[in-house]
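The structure that follows is given in the form of structure tokens.
The values are calculated or read from the model by the stated rules, or taken from the named source; none is laboratory data. Computed from a predicted structure; not experimentally measured. Ideal geometry is used to build each Cβ from the backbone, glycine not excepted, and the neighbour counts take in all protein chains shown. Only protein heavy atoms, including side chains, enter the accessible area calculation; ligands, DNA and RNA are left aside. Shrake-Rupley method; radii C 1.70, N 1.55, O 1.52, S 1.80 Å.
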Amino acid sequence: SPPCSTFSMAGQREEAWGKEKRFKEGQKLQTLDDLPFALIETVAKLRPKVVIIENVEGLLLGNAWDYVKKIHTQLRNLGYTVRHELLKGEDMGVPQKRHRVFFIATRLDFDLQSIDLRFFYQPVPYGAFKDNRGEKVEGRMGAALAQAIETDRDFSDIYKRIEGKDKGFGHRLVHNNEIMPTVLAGHRDLYDFENRTRVSTSDIICAQTFPQDYDFGEKKYSTVEYLCGMSVPPLMIKRIVTRLIESGIFEKEK
């Protein structure tokens, strides 16, 4: 799962491709858009039976499609057959809207297209797991949040109604009866509509399907949100690997 911020629709995308920048992933001058191919170099050395590569949905959009074609080509050149699918976490039992593209490749004599990667798990709304311990919102944003109504989905809906200004669309509201929006890395932008608070650290961990006792180094909100926002939900990987096991692919010798 190479760092994917350069392909995110919320990022700079093309402007960051091929350029060395001080990304938060390592805080040193580096490029990120070439990391899928560094991973494929590792595949060439280790020759695993099966490879899974994950990235953001934005990899499938616009000019990023050239990276998709290159991933397929490089893996095929190593003797692997390749398949990619856009999967939705909320369909897989993840209590969060998280859409990710997964590449599955194998060097075995196995039809990857025969593996059923459709998932129909019961959606998990925010109210089913939240702990009601979110941080109180102060100041101007707190005053705006106090005026939120049921139909508001982000702060721009509130500000347009009370001030006539279109701003704050990046700060999103979470309703009890809805699935939590995508957890982003370090944005502190999710707010509990019913409680008029921020979504709690515990809620972020649950939404990403991490265990509550996972060692994040520190339990600070920004650290937990960043690491969760940059991670693949473990439950998504479990669902995929379970399907691979059930398909019988690992029983193949060559």
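May I ask you to say which residue of SER200, SER222, SER156, SER247 is open to solvent by less than 60 Å² (accessible area, probe 1.4 Å), under 30 Å from ASP111 (Cα atoms) and of a type in the set (S, T, N, Q)?
SER247 is the lone residue from the list that is open to solvent by less than 60 Å² (accessible area, probe 1.4 Å), under 30 Å from ASP111 (Cα atoms) and of a type in the set (S, T, N, Q).
Right, something else. Restricting to the range 143-168, name every residue that is part of a helix (DSSP H, G or I) and not aromatic (Phe, Trp, Tyr).
ALA143, ALA144, LEU145, SER156, ASP157, ILE158, LYS160, ARG161, ILE162
Is there a residue being in a loop (DSSP other than H, G, I, E, B), in contact (Cβ under 8 Å) with a residue 12 or more places away in the chain and open to solvent by less than 70 Å² (accessible area, probe 1.4 Å) anywhere in the range 100-114?
Yes: the range 100-114 contains one or more residues that are in a loop (DSSP other than H, G, I, E, B), in contact (Cβ under 8 Å) with a residue 12 or more places away in the chain and open to solvent by less than 70 Å² (accessible area, probe 1.4 Å).
Return the residues of the range 75-99 that are out of contact with any Phe, Trp or Tyr (no Cβ under 8 Å at 6 or more places or on another chain), crowded, with 17+ Cβ neighbours inside 10 Å and part of a helix (DSSP H, G or I); say none if nothing qualifies.
The answer is GLY89, GLU90.
With the condition kept exactly as written, say whether any residue in the range 111-124 is in contact with a Pro (Cβ under 9 Å, 6 or more places away or on another chain), of a type outside the set (S, T, N, Q) and within 22 Å of MET236 (Cα to Cα).
The answer is yes; a qualifying residue exists.
Of all residues in the range 227-244, which are within 16 Å of the chain's Cα centre (by Cα) and open to solvent by 40 Å² or more (accessible area, probe 1.4 Å)?
If the condition is that a residue be within 16 Å of the chain's Cα centre (by Cα) and open to solvent by 40 Å² or more (accessible area, probe 1.4 Å), then LEU227, MET230, PRO234, ILE237, LYS238, ARG239 are the ones that fit.
Kindly check whether there is at least one residue in the range 190-209 that is among the small types (Gly, Ala, Ser) and touching an Asp or Glu at 6+ places or on another chain (Cβ under 6 Å).
Yes, that holds for at least one residue.
In addition: Starting from residues that are surrounded by 14 or more Cβ atoms within 10 Å (Cβ to Cβ) and of a type outside the set (A, V, I, L, M), keep the ones in the range 203-213 and report whichever is nearest to the chain's Cα centre (by Cα).
Among those that are surrounded by 14 or more Cβ atoms within 10 Å (Cβ to Cβ) and of a type outside the set (A, V, I, L, M), it is GLN208.
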